[in-house]
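Inspection log for the structure reproduced underneath, given as structure tokens.
Bear in mind that the values in this text are calculations on the coordinates, not laboratory data. For clarity, every value in this text was computed on a predicted model and none was experimentally measured. No Cβ is skipped: glycine too gets one built from the backbone with ideal geometry, and neighbour counts run over all protein chains shown.
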Amino acid sequence: MWADIAYIDFKVGESEGWVRLAKENSAKEIGEKIIDGKIKIGESEVVFRILEAEEETTYLEKTVEEMAKRRKNQKQFKHNNKGKNFKGKQSRKRKQDQSDDAPPVKVKADNS
């Protein structure tokens, strides 16, 4: 009883999660093989239920909205942080300490 998974929507600590399968109607095929609507994942017993009709439409609309929000936030983050490194500081080379007039020294480690 295997199916290709397209997307998993689950957050640790939550009591519900959703799995979207890649092939159309594969959830129905799996649902027919599951006895009493429960499957075991690791040490947990999970209730298996197929979203249908209005429930499926509502879930898909919510997912599309969340994806659009993430995309918008990502674009804003890139625009607001253009030219900055991950710490939010302008990228620039460090100036060498000019405290003495000696040239920089190159050190080679001896492996003997």
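Here are the numbers for this structure:
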| item | result |
| --- | --- |
| Inter-label distance, nm, simple model (7 Å from Cα along the C-beta direction), GLN76/VAL64 | 2.2 |
| Entries in LYS11/LYS72; LYS33/LYS72; LYS38/LYS72; LYS40/LYS75 that, when Cα-Cα distance is taken, lie over 30 Å | LYS33/LYS72; LYS38/LYS72; LYS40/LYS75 |
| Cleavage-rule hits, GluC sites (Glu not before Pro), the range 12-57, DSSP coil, Cβ neighbours within 10 Å at most 12 | GLU14, GLU16, GLU24, GLU43, GLU52 |
| Extension reserve of the LYS28-ALA53 stretch, reckoned as 0.36 nm per residue once the Cα distance is removed | 7.6 nm |
| Residue-by-residue Karplus 3J(HN,Hα) for the range 7-15, coefficients 6.51, -1.76, 1.60, Hz, glycine and proline x | 7, 10, 10, 8, 10, 4, x, 7, 9 |
